[in-house]
Each structure stands twice: as structure tokens, then as C-alpha cells.
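Right, one structure below, let's go through it.
The values are calculated or read from the model by the stated rules, or taken from the named source; none is laboratory data. All figures in this text were calculated on a predicted structure; none of them were measured in a lab. Cβ placement follows ideal geometry from the backbone for every residue including glycine, while neighbour counts extend to all protein chains displayed. In case anyone asks, the SASA skips ligands and DNA or RNA and just uses the protein heavy atoms, side chains included. Shrake-Rupley method; radii C 1.70, N 1.55, O 1.52, S 1.80 Å.
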Protein chains: 2
Amino acid sequence: MKKIGFIGLGLMGRGMSLNLLKANFPLTVWNRTRSKMKPLLDAGAEEGLSPKNVAERSDIIIDIVTDSSDVEEIILGDEGVIHGAKPGAVVVDMSTISPITTRQIAEKLSKKGIHMLDAPVSGGDVGAREGTLSIMVGGELDVFQDCLPVFQAMGKTIVHVGGHGMGQIVKLCNQILVGLNMLAVAEAFMFASKAGVDLQKAYSAIVGGAAGSWQLTNNGAKLLKGDLEPGFKVKDYIKDLRLISETTAEMKLPLLGTSLVQQMFRILDAEGLRDKGTQAVIKAVEKIACDSFLRAL
Amino acid sequence: MKKIGFIGLGLMGRGMSLNLLKANFPLTVWNRTRSKMKPLLDAGAEEGLSPKNVAERSDIIIDIVTDSSDVEEIILGDEGVIHGAKPGAVVVDMSTISPITTRQIAEKLSKKGIHMLDAPVSGGDVGAREGTLSIMVGGELDVFQDCLPVFQAMGKTIVHVGGHGMGQIVKLCNQILVGLNMLAVAEAFMFASKAGVDLQKAYSAIVGGAAGSWQLTNNGAKLLKGDLEPGFKVKDYIKDLRLISETTAEMKLPLLGTSLVQQMFRILDAEGLRDKGTQAVIKAVEKIACDSFLRAL
């Protein structure tokens, strides 16, 4: 059985690495904040001393951290994976980062005979815990196939979508949809609220039809309870919007709807709502409407 | 069994009235273009001579036509329903029209002892044919309950959402979601296409997750085949956007996302695409992107 290294034991990484242990993969873990390793070590993982050290002891090195610069540090830094990984090893970056950075890292690893896959996920901490993530994978097909049993321990919908960086592109595609669908829910609820409709009834009448979406079903239901707590945090989505914005600038691609979503989330940033869930976009809609949605609840 | 009158035998009205016949309701029909009555008369409906005449012969008078002014003409015009309906009769307007106009009509009918329900539908011509429409109903609760068996012959999700006009409000709420969700699909596909991803793979990877929506599943699949034929026509959605715009102006409610959707559909209008399906919004996204999405197919 392949030896797995796992770097980044945040809300996502913790659930995912525990699922790898459950599937009996030998696991070496590392996290910048060392205390976060404890639950994994208790569950049977070995302790890595650095990303480099994890790589020395693993066939497949997975990382899931926040941003492009974090991934660069972990893979290419002084104590990075690139200095420990054996030729033929595979680095699997499951973070959501820039597709451009992804291709640069893949090229540097390739020069040392190390393979790379970009494999960002969708499905949140619940999906990570329950092993039901969607995983969109970019990189060479045969490398993907070698790693498939590992992905299957963590996710349900696993699709190889193309070469290096394409996993990231599809993830950003996912995030374009997520943001506009969420804005749709917020504007529809603000409209219904202002018109004095019973929101619960309106929700029941439309949730199953052509207006339906995952965002309406799930974040819509949260809004009906006035619940702004995260599933997916505003600050993480703001990062994704920045990645979309960087990537579309590179492509010379204007996307008006997505650009509006970015401005709406900037309002949330200005209002100090970075740690709320993305359904808090209702607060930006309210700000612009000079009225409160929640009074209708 | 209540005697039903049915006015407006277009794509929607035809399927709905045939379902009423199947449920054994005695039916009198009328349509401005008389030839469209033929299939109903062949199926056992009686021929009405005018909206007034239909109303004289019915306990419940249903209409489904295009716009606010059509409904006013049919109900309040010289040969209108108001001049034939008995006190205690119910007028059920299943068109999508202005909630403000709806309330005005309800008030005029009320002075003659005639009840009114606004009961717009969602689910398209397929839903009309198969009797699976969503029906969102505004008006008095006991009148709604009296008419429930009639609605059940035409639809599946039937919700009483509030007083006069509230059915229309919830329908517009539905249309806010439909438009932004469709724009989301178009921008996501344009992004994926420009980045060179295999669109079919991208679609498979994201359709079942947090990015999912009815619009992605259905109109997204059509776009993957380059199919711009209607389901729901651009020109009908442009009318709904006008109703949303009128209603939000009255409410003093700014909705930036919905307003952007309206401008995108104005591009389709300018491009002569009124008879295409709403998924043709990809053409507006392409116009702004100065690039073609379809080349990726």
C-alpha cells in the first residue's frame, strides 16, 4: 500500500486525513501549528518533522492549505517537499490556488522527476468528514489513475478534467456558480421580504423547480433561520474571488456577474463579516437596499 | 363538479386545459385566435363565444395569457369576464403579470362579489402537459381551498403564499433566481471554455455539488450541445424582467444582480434573439468577452 504524507490539518485536512487512516493508508502528517497534529497522531498517524521530512517518508504527498503562497512555501520553500520527495513520487495539492502558480510548481517538480496533480475539492467540512467531497483533478492521466484509490478514500465525485492547472480552473468555475447562485438567493429573499411575503412559503413554492439550486436549498434554509454561521467562510470565498479575478485578468476575460459578486463580498469585508458564512451576502444586499431582510423573519 | 371556464389556449393553456378535461371537469374554452380552440373542442370542451360568455357558463374562470394588459382586457374589457361572472364565482389568473395590476383587478371584481386568485405557474410547457407545474397562489385562503382540486389537476407543488398579488410576487422571486442562476452557468462556461477545459468533464465534476442548480443541470446540458432552442423564451423572460423592474421601482428596492441580468437580456434583444431559449444569455456573455464559447464544443 502506498505511503501517504499529509500536510495541512485544518478543518478540511483533518477530516480528509482521518478518512485516509480509516482506509488503512500508512500516514505521516505535518502541520505548521503543531498542536493540530494531535488528533491524527492519536488515531495512528506518524509525526513528520517538516514538509521535506514528510516527503522523504512518502510515495504520495498531499497538501491542503489556504493560498498560493502557502503552497509555494510548503512545496518549494527551504524545508519544502521538493527537497525530500523521491523521483517518481506524486505531490497532490488539494488547496484552491492560482492555476498559473500550479503550472509553475508542476514544472519545477517535473525537473526533479516528481509528478504533480492539482486536486481541489468542493463539499465543505461536512464533505471532508463524511468522505463525500467532489474532487476535480488536473495533471497526467496515468498519475491520476495511480492515485485514484487515495482520492476514493476522501471523495465521491472524482473527475480527471485535464492537464496541470485544469483542476484549479474547474474549481474556479465551480466558485463562479456558487457566488452568483448565492447572490440570486439573497436578492430573491430581499425582494420577497420587502413585498411582505411569508418567506417560508415562498421558499417551499420555488425550491423544487426551475429556480432551485444547492445554494437555495442549503444556504436559503439557513437564511430563513437568520443563521449566518459558516459552512463556507466569507474570507475564503473572497480569496477565491481574487483567484478568479487574477485568472480572468490573465485571460483578458470580462465577466460582469462575477465581478459584481466580488464587489458584494467587498461590502462584507468592509462590514467586518469575514468569518460569517457566504450566505451573509444578504447583508450586502440589505446595505444596498437600505432595508433589513431579517425583519421579515 | 364545478364548471370551469378556460381562457388562453397557448402552449401553456392547452396542456393545462387538457389536463382539466382528463380530470373530468366540465370545460368551456375561449381563445382570441379561434383556431387554437379546435384540439380542446375535439377533446370534449364546449366553445365559449367571449370571455363574458365563458364566465356566464362557469363557476371558476381560469385565464393564462401573456401580459398585464391582456389580463385587463379579458377580465375588465367590454366583453370581459366581469360582465358575465356570477357573484360567488372565482376568477383564477394563471398568467405572470404585475402584482400591482393583480390587486387592482381583484378589487374591481370584489365589488361585484366575484373572488380572485392569482396563481402563476413554473415548469414550462412540459410541466403544463404532464400536470407537474408548480403553482404559487395569492388570494383568500378559503377560496384557494375551494379551488384546490382544480389546481391539483394541473400541478404538483401547489402553495398558498398569501393575499392578492402574493402569487405574482413569489413568481417574480422565482424569476430573479432563474435569471441569475442562468447567468452563473453562462459565465462559468465562458470561463471554462476560454481556459481550454473539456466542458463536458467540467460539467460532470460540478453539477452534483454546491454549484449545482436546475439551470445548470438542464440549460447547462443544452449549452453543451450548442442548443439554444427554447424551453423558456428570451422574449417571455424579458417581460418578466420588466415586471420585476416595475415592482422593485415601486418598492424603491435596488437589486444589482437582477438589474445586470436585465441588461444582459437587453443585449439578446438587440441581437435579435428573442425567440431563443434563456440559455442564449451565453451570447451576451460572449459579446462582452469578445470571444466565442461554442468554439470549445
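Data overview
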read-out	value
Structure-based [θ]222 nm, chain A - -39500 (n - 2.57) summed over DSSP H runs of at least 4, per residue, nearest 500	-15000 deg cm²/dmol
Separation of the B:Met1 and A:Ser35 label points, Cα + 7 Å toward Cβ, nm	7.3
Interface area, B with A, accessible, probe 1.4 Å, both sides summed, Å² nearest 100	5000
Share of carbon and sulfur in the accessible heavy-atom surface of segment A:4-163 [1.4 Å probe, %]	50
Simple label model, 7 Å out from Cα along Cβ direction - B:Arg274 to B:Ser69, nm	1.2
Accessible carbon and sulfur surface of segment B:169-296 relative to its total accessible area, %, 1.4 Å	50
Per-residue mean of C-beta atoms belonging to partner chains within 10 Å, peptide B:135-147	1
Closest approach to the axis - chain B beta-carbon, rotation onto A, Å	B:Ser213, 2
Global geometry of the protein assembly as shown, whether rounded, prolate or oblate, following the gyration tensor of its Cα atoms and the 1.5 cut on a/c	prolate
Across the identical copies, how the A:Gly231 labels are spaced - nm, sorted shortest first, 7 Å along Cα→Cβ	2.1
Teacher prompt: B:Asp78 distances to equivalent labels in other copies, 7 Å Cα→Cβ, nm	9.3
Rg [Å, one decimal], Dmax [Å, integer] - segment B:169-296, C-alpha atoms	14.5, 45
Inter-label distance for B:Ala43 and B:Asn218, nm, one decimal - labels placed 7 Å from Cα along Cα-to-Cβ	2.0
Contour excess over end-to-end distance, with Cα ends at A:Gln200 and A:Glu246 and 0.36 nm allotted per residue	12.7 nm
Highest to lowest packing among A:271-277, B:219-225, A:59-65, scored as the average C-beta count within 10 Å	A:59-65, B:219-225, A:271-277
Inter-copy label distances at B:Ser245 (7 Å, Cα→Cβ; nm, one decimal)	2.9
Net charge dipole size for the protein assembly as shown [Lys, Arg +1 and Asp, Glu -1 on Cβ; Debye, nearest 20]	240
Binned Cα-Cα distances of segment B:4-163, short to long, each 10 Å bin given as a whole percent	12, 46, 37, 4
Förster radius 22 Å - calculated FRET efficiency between B:Asp146 and B:Gln104, Cβ distance, rounded to 0.05	0.45
Lysines with Cα under 19 Å of A:Lys194, excluding same-chain neighbours fewer than 8 positions away	A:Lys222, A:Lys225, A:Lys283, A:Lys287, B:Lys171, B:Lys252
Dipole of chain A, positive direction: furthest Cα of A:Gln262, A:Val81, A:Ile114, with charges on the beta-carbon	A:Gln262
For B:155-164, mean number of other protein chain Cβ atoms within 10 Å	4
Accessible area per residue, Å², chain A with all protein chains present, probe 1.4 Å	38
